[in-house]
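Q: Just dropping this structure here.
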Amino acid sequence: MKPITCGIDSGSRTTKLVFVQDASVIYRSHDVTGINPANTAEKLLLDGLTKNGLSRDDLALIYSTGYGRNILPFSQKVISEISCHARGVYHLFPSCRTVIDIGGQDSKAILLGPGGHVQDFVMNDRCAAGTGRFLEVAAHILETTVDTLGYLAATSQLNLEINSTCVVFAESEIIGLIAKEHKPADIIASIHRAIAKRTRNMIAQLHWTAPIVFTGGVAKNSGMQAVLSDVLQSEISVPPDSLITGALGAALFAQDAV
């Protein structure tokens with residue numbers, strides 16, 4: 001058997017950790033990144049070792065990716081998040097040709113070629129309107145939680161529109177819809193459609209094709225899954241744990257080196 005390797009995706013909102021052995025995930029975990037990404041990653045690593053009865057010496061290599069990848073002192077190699085997400089998704093879905101990843105602070109689309117190699121990609125990391133941050137703002141205004149948004153949107157019966165392309169202005173639109181006594185379910189569904197349309201506009205820059213795999217924290221939202229599939233007019237697949245594909249890719253790259 002190959003030695004165990006570790007991949008850490010130090011994201012702007014969430015840090016993810018994966019242990020891999022012989023190309024299989026043997027442990028996964030995640031936590032809020034907080035104000036000290038290195039400390040968060042270190043805690044996840046130590047927790048993972050303890051829960052699996054391992055020591056640091058039992059890990060052959062530790063590779064990192066994500067926003068905080070360069071500030072993890074125990075990482076032995078840094079890999080770009082585009083490469084890691086592509087590798088992780090291709091491992092889970094070998095037929096995938098387009099990856100859509102929507103996280104807390106950014107969104108990205110990756111076009112995969114033969115063997116899962118990155119052919120092209122596009123990324124939005126300057127505007128929160130197409131990311132999980134938009135959903136967090138909406139959930140706060142509507143006095144609910146992000147976890148309930150998908151279930152609430154499923155009960156929507158009225159097609160509203162959020163036209164603003166900026167979270168700040170969209171927040172005003174949401175408050176205006178509340179003032180007009182529109183139901184939270186209808187408002188949430190409109191927010192999902194707004195994010196899906198921004199995603200469609202983003203990936204239009206690529207010559208994308210199906211099959212599509214949807215990853216990131218936002219991919220856990222069943223309402224977003226449904227509306228993104230509808231807007232793109234294509235079926236989409238979601239990994240069982242959509243958060244870990246970047247960390248998985250990092251750990252697999254480490255497996256290649258042992």
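The values are calculated or read from the model by the stated rules, or taken from the named source; none is laboratory data. Keep in mind that what you see is a predicted model, and the values were worked out from it rather than measured. Note that each Cβ is placed from the backbone with ideal geometry, even for glycine, and that neighbours are counted across all protein chains shown.
Q: Would you confirm, using the coordinates I've provided, whether L149 is in a helix (DSSP H, G or I), touching a Gly at 6+ places or on another chain (Cβ under 7 Å) and either of a type outside the set (F, W, Y) or surrounded by 15 or more Cβ atoms within 10 Å (Cβ to Cβ) (or both)? So that I can check it myself, show each step before the final result.
A: Details: in a helix (DSSP H, G or I): yes; touching a Gly at 6+ places or on another chain (Cβ under 7 Å): yes; either of a type outside the set (F, W, Y) or surrounded by 15 or more Cβ atoms within 10 Å (Cβ to Cβ) (or both): yes.
It is true that L149 is in a helix (DSSP H, G or I), touching a Gly at 6+ places or on another chain (Cβ under 7 Å) and either of a type outside the set (F, W, Y) or surrounded by 15 or more Cβ atoms within 10 Å (Cβ to Cβ) (or both).
Q: Please state which one of E181, E173 is crowded, with 16+ Cβ neighbours inside 10 Å and assigned by TED's automatic domain parsing to the domain that holds I100.
A: It is E173.
Q: Between a first residue in the stretch 121-140 that is farther than 11 Å from Q105 by Cβ and not assigned by TED's automatic domain parsing to the domain that holds A170 and a second residue that is in a helix (DSSP H, G or I) and modelled with pLDDT of 80 or more, which pairs have beta carbons less than 7 Å apart while being 6 or more apart in sequence or on different chains?
A: none
Q: Further, regarding this structure: Of (1) in a helix (DSSP H, G or I); (2) in contact with a helix residue (DSSP H, G or I) (Cβ under 6 Å, 6 or more places away or on another chain); (3) without any contact (Cβ under 8 Å) to a residue 60 or more places away in the chain, C84 satisfies all except one. Which?
A: Single failed check for C84: (3).
Q: Of the numbered conditions (1) of a type in the set (S, T, Y); (2) touching a residue at least 60 places away in the same chain (Cβ under 8 Å); (3) out of contact with any strand residue (DSSP E or B) (no Cβ under 9 Å at 6 or more places or on another chain), T144 fails exactly one; give the number of that condition.
A: Exception for T144: condition (2).
Q: Something else now. What number of residues in the stretch 1-42 are small (G, A, S) and surrounded by fewer than 21 Cβ atoms within 10 Å (Cβ to Cβ)?
A: So the answer is 6.
Q: Restricting attention to the stretch 55-71, report how many residues are surrounded by 15 or more Cβ atoms within 10 Å (Cβ to Cβ) and at pLDDT 95 or above. Let's see the steps before the verdict.
A: Start the filter on the stretch 55-71 by keeping residues that are surrounded by 15 or more Cβ atoms within 10 Å (Cβ to Cβ), which leaves 59-69.
With the extra rule that they be at pLDDT 95 or above, the set shrinks to 59-65.
Residues that pass the stated criteria total 7.
Q: Just one of the numbered conditions (1) in contact with a Pro (Cβ under 9 Å, 6 or more places away or on another chain); (2) of a type in the set (D, E); (3) touching a residue at least 12 places away in the same chain (Cβ under 8 Å) is not true of E171; which one?
A: With (1) in contact with a Pro (Cβ under 9 Å, 6 or more places away or on another chain); (2) of a type in the set (D, E); (3) touching a residue at least 12 places away in the same chain (Cβ under 8 Å) applied to E171, the lone miss is (1).
Q: So, one more: Which of the numbered conditions does T199 fail, given that it passes all the others? Conditions: (1) modelled with pLDDT under 90; (2) polar (S, T, N, Q); (3) touching a strand residue (DSSP E or B) at 6+ places or on another chain (Cβ under 7 Å).
A: Of the numbered conditions (1) modelled with pLDDT under 90; (2) polar (S, T, N, Q); (3) touching a strand residue (DSSP E or B) at 6+ places or on another chain (Cβ under 7 Å), the odd one out for T199 is (1).
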